[in-house]
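Engineer: Would you mind keeping the following structure in view while I ask a few things?
Coordinate-derived values only; no laboratory data. Being a predicted model, the structure only gives us computed values, none of them experimental. Note that each Cβ is placed from the backbone with ideal geometry, even for glycine, and that neighbours are counted across all protein chains shown.
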Amino acid sequence: MKGVSMISNVPWLKKFERARVSALQGDLRGLHDVRTSARRLRVWLRLAGLRVLEDDLKWLCRETSELRDLDVFGDVLTEAARLQLRPAAQKQAYAALKSRRIDGVVFALKTLQACDEHDARAVLNELERELARTKWKLNDDAIHAYRRKIRRVRYAREWLGLDAQQYAWAQEVLGTVCDVIALEQLVAGR
């Protein structure tokens with residue numbers, strides 16, 4: 001359409017595909033990039049009003065989370081703990097990364113049209129209102145949920161070419177807190 005700015009998913013979809021190959025070759029950074037690009041694509045889907053594939057990308061992040069956690073905590077865990085926990089986590093993550101489900105998601109994302117910037121800004125406004133309405137609670141689940149909301153706003157602002165530095169900083173700080181929580185849960189066997 002003339003005069004309508006469109007936002008394409010292509011840059012992050014390409015990054016997702018490259019990171020997927022890299023992760024399957026055992027690259028830890030590749031696994032991180034798969035998860036980051038999947039989350040960014042989930043936000044793009046929300047901006048586009050296309051929530052249909054979000055659950056699949058969320059599933060991928062969930063299936064790869066244990067391997068990611070073990071890689072992040074690698075220096076903290078004993079070698080025996082790593083040897084005991086990593087094979088199952090790696091098997092689960094690699095199965096998800098190789099799955100036909102994710103092949104289908106990539107195919108579907110390639111067929112989608114770019115989203116309209118005006119509509120995307122309306123979604124961003126709703127995400128920002130939702131974040132502002134969030135009541136701060138000091139428990140593990142609430143902290144993690146708050147960080148997810150911050151991340152969604154950050155990524156939406158970045159998709160739209162808007163400043164997101166304060167959100168990136170808050171996401172980073174809360175990410176450290178969430179990593180400590182995840183480590184405590186791992187040690188506690190939860």
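Engineer: Using Cβ contacts closer than 10 Å as the measure, can you line up 176, 134, 36, 111 from fewest to most?
Structural biologist: The most exposed by this proxy come first: 111, 176, 134, 36.
Engineer: Also: In the calculated pair distance distribution of region 54-119, what percentage of Cα-Cα distances lie above 14 Å? The partial results should precede the final answer.
Structural biologist: Values: 1399 of 2145 pairs.
Considering region 54-119, 65 percent of its Cα-Cα pairs are separated by more than 14 Å.
Engineer: With only alpha-carbon atoms in the gyration tensor, what are the semi-axes of the equivalent ellipsoid for region 69-167, in Å, largest first?
Structural biologist: Values: eigenvalues 214, 113, 26 Å².
One finds semi-axes of 33, 24, 11 Å for region 69-167.
Engineer: What pairs in 98/149; 91/149; 58/110 have C-alpha atoms more than 25 Å from each other?
Structural biologist: 98/149; 91/149
Engineer: In whole angstrom, and with the biggest value first, how far do the Cα coordinates of region 142-190 range along each principal axis?
Structural biologist: That works out to 42, 14, 14 Å along the principal axes.
Engineer: Provide the convex hull volume over Cα atoms per residue for region 1-100, in Å³.
Structural biologist: So the per-residue hull volume is 103 Å³.
Engineer: Extending each Cα 7 Å along its Cβ direction at residue 118 and residue 27, get the distance between those two points in nm, one decimal.
Structural biologist: Distance between label points: 4.1 nm.
Engineer: Which value does Rg/Rh take for the chain over its C-alpha atoms, Rh per Kirkwood?
Structural biologist: Over the Cα atoms of the chain, Rg/Rh equals 0.99.
Engineer: With a sphere of radius 15 Å drawn around the Cβ of residue 161, what net charge do the other residues whose Cβ falls strictly inside it have (Lys, Arg +1; Asp, Glu -1)?
Structural biologist: 0
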